[in-house]
Amino acid sequence: MIFYDLNIFKYLNYMVFENVYEAEYAIQELIKNDYNSSAHFEYEKCHRFKRLKLNLITYNPIHKIPFLLFSIFRTDQNKLEIITEMYEYVYTLKTTTKGKDSQYISYTIEWYCDKTKEKVKTSFHGENIEQVLLKFNHDKKRTIYSMELNL
């Protein structure tokens with residue numbers, strides 16, 4: 001007999017969302033359950049080039065610092081299409097980073113937190129080191145003490 005986790009099934013088929021709020025909630029739940037952080041969405045529209053940008057920002061209440069999880073830039077997409085694509089990214093990241101054949105690399109960065117006045121260790125995933133550093137330094141430069149590739 002095979003047992004299934006029904007909570008996973010509800011996300012497996014890349015749900016079709018009825019509206020942006022439903023998709024944002026699904027992403028927030030994935031992030032809260034995995035990282036104990038909150039998720040925030042920044043939509044920017046560039047009318048000149050008909051581009052829409054979505055930044056997914058996570059906020060960790062322990063060190064009180066926001067970090068960029070991922071950005072998507074698309075032409076001629078509406079908010080529902082781009083947030084659905086973001087959901088697919090977050091779900092794929094969550095399910096593939098646990099395996100050895102993941103397309104994402106993981107780094108642990110030790111850095112100085114101005115708010116807590118302490119050194120903090122945080123892990124970041126990305127397709128390459130440049131993407132990891134972009135996520136880490138999204139809203140401002142921070143002092144890095146060490147950076148270690150997680151194997």
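A short reminder: the numbers here are calculations on the coordinates, not readings from a lab. Nothing here was measured: the structure is a model prediction, and the numbers come from that model. Neighbour counts run over all protein chains shown; Cβ positions are idealised from the backbone, glycine included.
Observations
- Spatially proximal aspartates and glutamates relative to residue 98 (Cα-Cα < 14 Å; intrachain offsets below 8 disregarded): 34
- Of the cross-linked pairs 115/135; 100/121; 32/79; 53/135; 50/79; 50/140, those separated by over 24 Å at the C-alpha level are 50/140.
- Segments 60-66, 113-119, 130-136 sorted - mean Cβ within 10 Å per residue, highest first: 130-136, 60-66, 113-119
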